[in-house]
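Scroll down for the structure; my scribbles are underneath it.
The values are calculated or read from the model by the stated rules, or taken from the named source; none is laboratory data. The structure displayed is predicted, hence computed values, not measured ones. Virtual Cβ from ideal backbone geometry, glycine too; neighbours counted across all protein chains shown. Protein only, heavy atoms only, side chains kept; ligands, DNA and RNA dropped before computing areas. Shrake-Rupley method; radii C 1.70, N 1.55, O 1.52, S 1.80 Å.
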Amino acid sequence: MLRDLKTRLAGAAAVTVVTGAGISADSGIPTFRGNDGLWNKYRPEELASPEAFARDPRLVWTWYNWRRELIAAKQPNPAHHALVELERRVNTFRIITQNVDGFHSLAGSQSVSEIHGNIWKVRCTQCGRVAANRDVPIAVPPCCAVCRGLLRPHIVWFGESLDPGELRQSHDALRDCEVLLIIGTSGVVYPAASFGAVAKARGAFVAELNRDPTPQSDLVDAAIHGAAKDLVPELLD
Ligand code: OAD
């Protein structure tokens, strides 16, 4: 199956990659679901929702500060680096990531849609300004340098809509690709969970690379199981 996927990748002029927390798991960043997942220990509605932030911005920022500390201490792994190389080899290439750690760009990928936002950006709840912010630790809660309004993480929380521009770019990339790789996502959070079906309906060859089977495994053309840090570099051999 891996051999078939490699042949298809080698002949493809347009490749799109969808990534989730599993690709950063090999960097030491915890995933969300599963036994060791963050959502097994914490309740997302208490930490990653607009209601939680309205109720207790300090608590929400304390959680994001903890995640910032965790991510700042880690590095992209061979799977992220292999995607940088894949981008060099393919004419039209795009990564659509649900991850907020910024590791794809840190590794050197150029064409990245961060559809759930980025933990290293903040947005003012008053004036709406989005700014880069790499403070670790960050003041809890932080305030806007321009209007002194309360800042929030520039992350899409439960119950919020994705940025329409990012979504449009993602759909263009799904429509145009010949091969779609879905790497390290449990495939339960929409709209990313639908991306495999969208690309397949457009005629793309869809492959899932994941440590475990997912609800998408039976729908894709190839489901390959293993650690992303091993599987993704293998695609380039
Ligand atoms: P999940 O935690 O739901 O799923 C991670 C997937 O990665 C699972 O299918 C694991 O089996 C797989 N996995 C774990 N380790 C792996 C490894 N070393 N190599 C390959 N695969 C591995 O994460 P996501 O699907 O990304 O949203 O979750 C989607 C969204 O739900 C996240 O973006 C986040 C969360 O709530 C927000 O924070 C807005």
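For segment 226-237, filtering for residues that are within 10 Å of the ligand (Cβ to nearest atom) and either part of a loop (DSSP other than H, G, I, E, B) or more than 21 Å from HIS81 (Cβ to Cβ) (or both) leaves 2.
Condition check ((1) touching a Lys or Arg at 6+ places or on another chain (Cβ under 9 Å); (2) more than 23 Å from VAL189 (Cα to Cα); (3) part of a strand (DSSP E or B)) across all residues:
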residue	(1), (2), (3)
VAL84	no, yes, no
ARG94	no, no, yes
LEU106	no, yes, no
SER113	yes, no, yes
CYS127	no, yes, no
ALA131	yes, yes, yes
PRO137	yes, yes, no
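Could you go through segment 71-78 and let me know if any residue there is within 12 Å of the ligand (Cβ to nearest atom), assigned to a strand (DSSP E or B) and buried (at least 16 other Cβ atoms within 10 Å of the Cβ). Checking segment 71-78: not a single residue is within 12 Å of the ligand (Cβ to nearest atom), assigned to a strand (DSSP E or B) and buried (at least 16 other Cβ atoms within 10 Å of the Cβ). Of the numbered conditions (1) open to solvent by 10 Å² or more (accessible area, probe 1.4 Å); (2) away from the ligand (no atom under 14 Å from the Cβ); (3) not hydroxyl-bearing (Ser, Thr, Tyr), ALA222 satisfies every one except a single condition; which is it? Status for ALA222: all satisfied but (1).
Taken over segment 181-212, the residue count meeting the criterion of being among the polar types (S, T, N, Q), within 11 Å of the ligand (Cβ to nearest atom) and part of a helix (DSSP H, G or I) is 0.
Once segment 110-137 is narrowed to residues that are open to solvent by 10 Å² or more (accessible area, probe 1.4 Å) and touching a helix residue (DSSP H, G or I) at 6+ places or on another chain (Cβ under 6 Å), the residue that is nearest to LEU83 (Cα to Cα) is VAL112.
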